[in-house]
Structure formats: C-alpha cells, structure tokens
Amino acid sequence: MSGEAGVPAGGTAVPSAADDRPEWRSANLTVLIIILVATAVRLAFAGAIGLGIDESYMVAAGRTLGWSYFDHPPLSWWLSRGAALAAFSEAPFIVRLPFVVLFAFTTWFVYRLTALLYRPRAGVWAAAALTLAPMLGVTSATWVLPDGPLDFALAGFALAGAHAVLGRSARPLGWWILAGLCAGLAVMSKYSAVLTLAGLPLFLLTSPRHRMWLLKPHPWLGLAAALVVALPLIAWTLQTGATSIGFQGGRAAFETFRPWGPLAVLGGAALFLLPWIFAGLVVAMVGLVRRGRGDPKSWFLLCLALPPIVLFTVVALWSGKLPLFHWAAPGYLLLFAALGDLLDRHRDALWLRATALATAGLVVAGLAFVSLEVRTGMLSRLVPALEREQPALQATDWTALREALRRRGMLGRPDLVVAAPQWHAAGKVDYALGGALPVFCLCSDARQYGVVHPAESFLGAEVLIVLPPGSRRDPVAQYAEAFASIEPFGTVDVGPIGGEAARLRLFIGRDFRDLPARDSASR
C-alpha cells in the first residue's frame, strides 16, 4: 500500500511545486534574472582570457574523437570539440560556451531542488550563493573542465531523485528514469561522480521509511537508464583494461603520512568557495547532521553530499599528491540547498543583504582584474616578483608561436613534428598551432597524447622541441640520446609583457630515436 502518490507508506512528502503559486512565480523570475546576469558576466569572462593549461590540453588533444579519453570520461571533451566543429573555431569563447550554458541549468536545478525541499525563497538564496562561489560559479561554470557537465548532471540527479523519493508525483517512474539518465551523464563526465550517485542507494538503505523503494522496479529501471547512457564509457573501459580508472585511482595510493593534508584540502575549498560562503555551508551541514535520519530531506542531502567531501579529505592524509580542493566540489554543490534554507531564515538581517551585494561586487571586480592582468600584465609590470614569474601566462594562448612558425614557412611541413617536455606544455603548444603540425610529448606521462600521438609514431622524424617559459631544461644534454643531433632554433615571446619569464625556447632535433631514459627529472 502507498500513502500519497509517489511516496511509500510511512514516507514523508515535501511540498509540491503547486503550493503557493504567487511565491513560486516571484522566485522563478528572480532566479531567471540571476541566471541571465551571471551568464552574461561569464560569457564576457570566457572571451576575455585565453585557455588555461588543462583547457588547452583538452581542446587540442580532444581533436581526435574517441569513446573516452585517458584522463577523464568523454562528455567534456565532446562538448568542447562539438562546439569547435559547429562554429569552425577553437576560440576560447566558442569552446567554453557549452559549459557556460550548462551551468545556467545547474543553477536552475539547485534552485528547484532547494525550493522542493524547503521553500521557493530559500531556492533563490541557494541560487544566488552558488552563483557567487568562484569554485563553482566561475571555474566550473566557465572553463573547459569535466566539472561543468558533472555539476549539471549531479544537480539534475539530485533534483530528480528528490522528486522520486520525497515528492508527491503521481508518476514517480518518470523521475526515476530521469535520475538514471542524469546519473549516466555524471559518470560520462567524471569517475568521482559515483561517490555522489552512491548517496541515493545509501539513503534508501538507511531510511526505513523509504527502504521499500528497493523492492519496486523504479530504481532498477533508473539504473538501467544510467547504464545505457554510460555504455560508450563502459565499452571503452573494458577494451582498454580500465587504464583510465587505474590512473585516477592510483592518486589515492598510500605514499606518505601527511597529517596536515586534510587541512590543506579544506583550506583550499574555503578559499575558492570564499571563506564566508564556506562557513555558511559548514553551519548548514551541521544543521543537517543534527536533524539526521529523523528528517528525510536532511538525510537525503547528507547522503549525497558527504561522500566526496569526506573521502577526498581523508585521502589527503596519505596520498603522494594532495587531492585538489575542487575534487569534492559536487558535495559542496548539494549543500547549497541547505545553505539556501539557512540564509532564507535570516533574510531580514541587514548584514546578509550587505554581504551578498559586497560579494557580488568582489567577484565581478576579481573577474575584471584577472581579465586585465592576462591581457595587459598590469600588475606584473608593477611587482618585480610577478614580472619574473608572470602567473597570468597560464591563461595566455601561445599564438605567437604559430605566427613565428608561419613566417619561417614551417607550418604544414609534412616532414616536421613538434614536441614539448610535459603533457600540459604539449597542450598549450598544440592549441596554439591549431592542428597545423602534429604534437607529441617527450615524456612517459603523456596522458591523452600517448594515445593520439604516441612518441614511437615519429621515429626518425625531424622534431621542433618547444620548451615552455621558465623551463630549466638543457635539451642538448637531457635529450641527447633521443636524437642524432639537437641545435638551438631561437625563441618566441608570449604574453603581454614578454621577457625571459614569457619566452619559449625552440630547438631542432634530428632523427628522433626514442624517449630519453629519464624524461621528467627537471622542468
């Protein structure tokens, strides 16, 4: 027997979207305005700076389409490549456009999830806070990274899952199928999606009032839908012996005990979410924990949000390389629903509205400053330490290299290939050349370049070696065994300032023989 439609007997339904229509209309309009304004700002930012190192690598190495890729599942690669093919351009604005559009939907999903679990007005606050959190509302919302489609899919999964198990839907099967489709898209974005996805069966298993769903066909049909969507990744993984999963899983292997590791990971998340937003998320999470299993919506959010946050924080105790702070971002993403409820309950406080407006101004000013710095090197010109390092070069496209090679008549030469010493440098070089010359990586950790352009494919070739700015390598000594001869071929300055810190060093290596025995001992 069932209670309300779509809710098992003993379950607890949340208010439906039909409640209080005027409040919903007002909240819908407010969130749409937030999304439109934020999208306009993101589009301006997307076209104002060049691609970062990960972005350049994904766009360039992703020119060769595949069912999946060495680093990550295929969805983000397909999105950037599809945009480039549709627009006949790899300009930063073009390849970032799908990610900007997806985050507009992500914001809407988070709003609707919060409104479903709490109140429409709480959803407005959740959408506003999410928009102002740089780790999510800027990087995931703009850059060519797996996190953008991941956040979109997981927010959709959480919304559909909440409707399926907590809502009043007369046809819950549709929500279960939608949750499954979103789950498939999440796995097609990033392997770590399984941590959040596992939260739904965890909720069903640990909530006696909802456990009977496991005896119904609905969740299993949703699982089937997820497997169908993820079929290309499953087939590719079986075909390649799960090398990609092994690569990602190897990052969690024990190497050394690092007691300060969790603090570094949490501190990084606090910094890039903004400390006051992070503090609000922590307070909201504590409230969820205190209410616990007695409150289904609190327990639902905890089951989905905590696994990635806890796992990546704990792994930081022993992993050789600290987990990057954004790896746990899906967990924080889902906590914004509880944060929206918390903020709405304090909506009349003058400090809250003042803080929201000040944060919006800070974020917009920050984006404007970054854009100016990348384009002009304004701050680097004034601060000697920054001029020596020029950190903005990470978001500067090395298009000057293409122009320099064009002037020398080297673009498109069938007997010439290009190489860089690391996978990320290869990505910057390859993106700058626009596919005019094949690029490979002079290293064992070639990532996707080891698949699309393995070094052994170019034995006997004449190779233009490009060393990135700041490289301390001596290619004549380091690569002596890899070539019959190596000789300097000049330099190319990239970036708005130029100088040694922004200079590519070029060398010609003749008769490429093999990768050097030690290919990554120095930068």
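The values are calculated or read from the model by the stated rules, or taken from the named source; none is laboratory data. Predicted, not measured: the structure shown is a model, and the values here were computed from it. Cβ: placed from backbone, ideal geometry, glycine included. Neighbour counts: every protein chain shown. These area figures cover heavy atoms from the full protein model, side chains too; ligands, DNA and RNA do not enter into them. Shrake-Rupley method; radii C 1.70, N 1.55, O 1.52, S 1.80 Å.
For region 152-305, the share of alpha carbon pairs falling in successive 10 Å distance bins from zero is 10, 30, 32, 23, 4, 0 percent. Using only Cα atoms and rounding to the nearest 10 degrees, what angle (0 to 90) does helix 172-187 make with the longest principal axis of the chain? The two axes meet at around 20 degrees.
Using alpha-carbon positions, what is the distance between the centroids of region 436-503 and region 40-78, in Å? Measuring centre to centre over Cα atoms gives 22 Å. Mind checking which of 183, 213, 316 is farthest towards the positive end of the chain's charge dipole, using Cβ charges of +1 (Lys, Arg) and -1 (Asp, Glu) about the Cα centre? About the Cα centre, the residue reaching furthest to the positive side is 213.
In deg cm²/dmol, rounded to 500, what helix-only [θ] at 222 nm does the chain give when every DSSP H run of at least 4 residues adds -39500 (n - 2.57) and the total is split over its residues? It would help to have the intermediate numbers written out before the result.
Details: 23 runs with 298 residues, N = 523.
So the helix-based figure for the chain works out to -18000 deg cm²/dmol.
Using the Cβ-Cβ distance between residue 260 and residue 346 with R0 set to 35 Å, the FRET efficiency works out to roughly 0.55.
Axis angle, to the nearest 10 degrees, between helix 92-117 and the longest C-alpha principal axis of the chain: 20 degrees. The lysines within cross-link reach of residue 297, meaning a Cα-to-Cα straight distance under 24 Å and a gap of 8 or more places when in the same chain, are 216. Relative to the longest principal axis of the Cα atoms of the chain, helix 423-433 runs at roughly 70 degrees.
Listed by chain and number, the lysines placed with their C-alpha closer than 16 angstrom to that of residue 321 amount to none; residues fewer than eight positions away on the same chain are left out.
In the chain, what % of DSSP beta bridges are antiparallel (nearest 5)? Walk me through the numbers before you get to the answer.
Values: 15 of 22 bridges.
So the antiparallel bridges in the chain amount to around 70 percent.
Label region 180-220 by shape, choosing from rounded, prolate and oblate, from the square roots a ≥ b ≥ c of the eigenvalues of the Cα gyration tensor; if a/c is under 1.5 it is rounded, and otherwise prolate applies when a/b is larger than b/c, oblate when it is not.
Values: a/c = 4.44, a/b = 1.84, b/c = 2.41.
Oblate shape, in that a/c is at least 1.5 and b/c is the bigger or equal ratio.
Here the average projected area of the convex hull drawn through the C-alpha atoms of region 83-166 stands at 5.7 nm².
Under 1.5 on a/c is rounded, so check that first for region 93-216, then, if it is not, pick prolate when a/b is larger than b/c and oblate when it is not; a ≥ b ≥ c are the square roots of the alpha carbon gyration tensor eigenvalues. Prolate, because a/c is 1.5 or more and a/b exceeds b/c. This model, with +1 at the C-beta of Lys and Arg and -1 at the C-beta of Asp and Glu, gives region 299-449 a dipole about its Cα centre of some 400 debye. Modelled spin labels at residue 310 and residue 514, positioned 7 Å past Cα toward Cβ, are 4.9 nm from each other.
So how strong a dipole does the chain carry about its Cα centre when Lys and Arg Cβ are +1 and Asp and Glu Cβ are -1, to the nearest 20 debye? Show your work: numbers first, answer last.
Values: 43 positive and 33 negative charges, 233 e Å.
The dipole of the chain has a size of about 1120 debye.
Highest mean first, the peptides 338-349, 140-151 sorted by other C-beta atoms within 10 Å per residue fall in the order 140-151, 338-349. Full extension of the chain between residue 88 and residue 382 yields a length gain of 102.0 nm, computed as 0.36 nm times the residue separation minus the alpha carbon distance. Between the residues 278, 238, 124, the greatest Cα displacement towards the positive end of the dipole of the chain, with unit charges on the Cβ of Lys, Arg, Asp and Glu, is found for 124. Counting only the heavy atoms of the protein chains, how much of residue 72 is accessible to a 1.4 Å probe, in Å² to the nearest 10? Counting only protein heavy atoms, residue 72 exposes about 40 Å² to solvent.
For region 50-180, with only Lys/Arg (+1) and Asp/Glu (-1) charged at the beta-carbon, what is the dipole magnitude about the Cα centre, in debye rounded to 20? Dipole size: approximately 640 debye.
With N counted as the residues of region 350-484, its alpha-carbon radius of gyration over 2.2 N^0.38 Å works out to 1.41.
With a cut-off of 8 Å between alpha carbons and a minimum separation of six or more residues, what is the relative contact order of the chain in percent? Present the calculation step by step, with values, prior to reporting the outcome.
Values: 925 pairs, mean separation 84.2, N = 523.
Computed over the chain, the figure is 16 percent.
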